[in-house]
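The values are calculated or read from the model by the stated rules, or taken from the named source; none is laboratory data. Keep in mind the model is a prediction, meaning the values are calculated, not measured. When we count neighbours, we look across all protein chains shown, and the Cβ atoms used for this are built from the backbone with ideal geometry, even at glycine.
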Amino acid sequence: MLITKQELTKKQATLKSVIKDEGEMALNASEKYGVHFIHAAESNLLLYEFLLKSHSSQADIALMFLSQVKSHHTLALLSCVRRHRVQTIMNLRQVQESGIAVAYRILHENNDKFYTIDSEGVIIIAASFKKKTINWIKSYDTNFASVLHDIKKSFNDSTHVNLFNTIQNSKINTEDKLFESQFFDYEDEYAIKIELFEIANLAIVLLQLFYKVCNEGSIFTVIDDFSMRLKTLEKDHGVIKNILKRDPRYLEFHK
């Protein structure tokens, strides 16, 4: 088949128009996706608010990793409603890995020197640190280890180059012999609701882990209503899952 030209969407031909479209999608997300977006946003908010104060100078490293959790979770939420699935998943992978590092550091604030500081004051994390945190979570809590492993496994295909990613925003129009591409992924409201559910799910799992390690550790105090807000998120999560399961496409995403 001969492809005679590449069709570009004029509306997205400039950076200015892309920024405008992305802003509108983010601002309209609550209205467009309703409880699905609100639930994901609430999980994001609790990631920012669950800590009340720290009690140790050793808390700095944990807070650094936590800042990555919060930033990348926010980016995942924004990427999702702006219709960038690959970007969403890549950010969630950062959230997952950084979240385990937060939990590890909370329980190992004094007895594990996994970094060095160079002559300019830059912290250098040991190359073995990631493997160490994975081995730790496996020995610390097999349930959390299994759930977080399965979540990360679900990301793997999307975080590497593959043909499935390309069909999210491009296609060959065989009838007109045109190659069509666009900056945003093709609109799929149900798929985005599934992604919002996944975004909330990872936040809830990590918040459950943080609640446990903060109670066992001594460097952080959590907010008084952390447990209550987390239970509310868990309850809402179950309700939204049941809503999603009513759609026959649910099995496409959870085989």
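Just to be sure before I move on: is Ile38 surrounded by 15 or more Cβ atoms within 10 Å (Cβ to Cβ) and at pLDDT below 95 in the structure I sent?
no
Can you find, within segment 167-203, the residue that is farthest from Gly99 (Cα to Cα) among those that are at pLDDT below 85 and among the basic types (Lys, Arg)?
Lys177
For Phe65, indicate whether it is out of contact with any His (no Cβ under 7 Å at 6 or more places or on another chain) and farther than 15 Å from Val205 by Cβ.
When the stated conditions are applied, Phe65 passes them.
Cβ contacts < 7 Å: first residue within 14 Å of Ile106 (Cα to Cα), restricted to segment 127-139; second residue part of a helix (DSSP H, G or I), any location; separation 6+ or different chain. Result?
These pairs meet every condition: Thr133/Ile100; Thr133/Ala101; Thr133/Tyr104; Trp136/Tyr104; Ile137/Ile100; Ile137/Phe144; Ile137/Ala145; Ile137/Leu148.
Where residues in segment 120-141 are part of a helix (DSSP H, G or I) and of a type in the set (D, E, K, R), which of them is surrounded by the fewest Cβ atoms within 10 Å (Cβ to Cβ)?
Per the stated criteria, the residue is Lys131.
Would it be correct to say that Thr142 is at pLDDT below 80 and either farther than 21 Å from Ser43 by Cα or touching a strand residue (DSSP E or B) at 6+ places or on another chain (Cβ under 8 Å) (or both)?
no
Take the conditions under 18 Å from Gln96 (Cα atoms) and at pLDDT 75 or above and apply them to Ser128. Does it pass?
For Ser128, the condition - under 18 Å from Gln96 (Cα atoms) and at pLDDT 75 or above - is met.
Looking only at segment 216-248, count how many residues are part of a loop (DSSP other than H, G, I, E, B) and farther than 10 Å from Phe50 by Cβ.
7
Does Ser67 fit the bill of being out of contact with any Lys or Arg (no Cβ under 8 Å at 6 or more places or on another chain) and assigned to a helix (DSSP H, G or I)?
Criteria met by Ser67.
Select from segment 74-119 the residues that are among the hydroxyl-bearing types (Ser, Thr, Tyr) and buried (at least 19 other Cβ atoms within 10 Å of the Cβ) and write down the one among them that is farthest from Gly217 (Cα to Cα).
Of everything passing the filter in segment 74-119, Ser79 is farthest from Gly217 (Cα to Cα).
Out of the residues in segment 37-80 that are among the polar types (S, T, N, Q) and without any contact (Cβ under 8 Å) to a residue 60 or more places away in the chain, state the one that is farthest from Leu27 (Cα to Cα).
The qualifying residue farthest from Leu27 (Cα to Cα) is Ser57.
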